[in-house]
1. So what is the relative contact order for the range 93-204, in percent, with contacts set as C-alpha pairs under 8 Å and at least six apart?
2. Return the ratio Rg/(2.2 N^0.38 Å) for the range 69-196, where Rg is computed over Cα atoms only.
3. What does the accessible area per residue of the range 12-138 come to in Å², with a 1.4 Å probe and no ligands, DNA or RNA counted?
4. State the volume of the convex hull built on the alpha-carbon positions of the chain, expressed per residue in Å³ and rounded to an integer.
5. Are there any trypsin sites (Lys or Arg not before Pro) in the range 166-198 that are in a DSSP loop and have at most 14 other Cβ atoms within 10 Å? List them by number.
6. Taking 0.36 nm per intervening residue step and subtracting the Cα-Cα distance, what contour gain separates residue 203 from residue 126 on full extension?
7. Let me know the shape class of the range 137-180, please: from the alpha-carbon gyration tensor, a ≥ b ≥ c as square roots of the eigenvalues, rounded when a/c is under 1.5, otherwise prolate if a/b is greater than b/c, or oblate.
8. Which whole-Hz ³J(HN,Hα) couplings does the range 56-61 yield from phi under the Karplus relation 6.51 cos²θ - 1.76 cosθ + 1.60, θ = phi - 60°, glycine and proline marked x?
Amino acid sequence: MTHPPGAHADTEQWRRAWRRLYDTPAGDVPLGRIVHWRAVVDTLGIGAGLDHDRALVTRGFFYQPHTAIPGLADLRADRDAARRLGARWVLYPVLRLDAADELADHGATLLPWFLEADYVPAGEVDRDLRTLLGGARFRDLRRLVRRADEHYTWEVFTGTDIDDEVLVSFDRLHRMNLAKYGHRHNHFALPILRDLAASALGDRLCVFRRRGSGGAPVQAVLALRGSHLDTLDVLVHGIDHATVPSAQNLYATALYRIYHWGQAHGIHRFALGRGAERVKLDLGANRFHVVANALIHVDDADPAESGAGPLREAARAAIDRPLRELASTTGRRGRAAAVLLPGGAG
């Protein structure tokens with residue numbers, strides 16, 4: 001398997017962030033401590049029996065919208081490393097399910113975990129969004145954008161323009177979002193942000209920000225351009241809900257501005273991340289993928305005997321529900337041909 005230029009540097013930087021976040025020198029963590037694991041298991045109401053099992057994570061680390069599929073040599077090496085550490089599992093987070101069949105053939109239990117959304121413009125952004133959203137929704141979005149532009153100043157920072165003031169303001173706004181939604185871990189805490197900005201990834205980082213009339217930042221979005229500079233991963237978002245009226249949908253208007261900025265800078269695919277599928281559909285997402293956690297027992301245990309089998313079945317059933325809802329919505333709107341959906345998680 002070949003990897004794009006910069007892939008190794010990306011993996012190493014996210015590995016450092018993961019180890020800092022979970023205070024794990026080797027990268028192995030009990031499954032129940034991993035926030036992206038814990039949240040889904042709690043929602044499903046099954047799988048808690050695996051909480052204390054240690055899993056070695058060697059790629060993706062839940063930072064990227066999806067993780068590149070490892071080769072078989074990587075799988076063997078990771079299994080050996082996990083066994084030496086006394087871990088029970090290797091965990092490859094958020095692999096695109098439709099590309100992970102070979103791993104399943106080599107003992108991986110594929111757990112459908114999230115839906116990932118992309119926006120891939122078919123042409124000029126406004127014309128494309130009008131087609132995808134329909135005239136009424138597009139006009140509503142444009143009204144929101146005009147209203148936001150009347151009240152807030154839009155700023156874009158890339159590479160070396162992202163100084164410590166930008167990082168500190170992003171951190172403040174992001175922590176407000178974490179508090180609002182009750183998240184326990186901050187994957188982009190200020191020390192991690194500073195490491196990213198100083199790393200090989202720093203030149204590809206982007207911060208999109210809005211300032212209020214008094215000059216204080218009220219919204220910020222962190223994004224990362226791909227190694228070929230033609231894709232953009234929208235990573236995480238922060239907003240000061242105490243000062244931004246609920247009628248000002250700054251998330252929607254920020255994505256609109258990011259689409260236009262990206263198209264002007266050679267971006268042809270916008271990775272919008274995982275979850276909130278219906279919201280992202282209404283903001284232009286036109287490619288959806290099931291992403292699965294690949295759980296590989298270090299000793300080739302059968303999933304039914306290892307405890308992962310029932311969790312897999314519950315996860316499949318849970319991910320099929322939003323897929324059916326997306327299919328129904330796009331069909332009802334007459335947009336089924338323009339929005340690519342996966343066939344299912346089975």
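1. Relative contact order comes out at 20 percent.
2. The range 69-196 yields a ratio of 1.55.
3. Result: 40 Å² of accessible area for each residue.
4. Here the figure is 133 Å³ per residue.
5. Passing both the DSSP loop test and the Cβ count: 184.
6. 24.9 nm
7. Oblate, since a/c reaches 1.5 and b/c is not below a/b.
8. Rounded to whole hertz, the list is 8, 10, 10, 7, x, 6.
The values are calculated or read from the model by the stated rules, or taken from the named source; none is laboratory data. Keep in mind it's a predicted model, so treat the numbers as computed, not measured. Note: ideal-geometry Cβ built from the backbone for every residue, glycine included; neighbour counts use all protein chains shown. Surface areas here come from the heavy atoms of the whole protein model, side chains and all, with no ligands, DNA or RNA. Shrake-Rupley method; radii C 1.70, N 1.55, O 1.52, S 1.80 Å.
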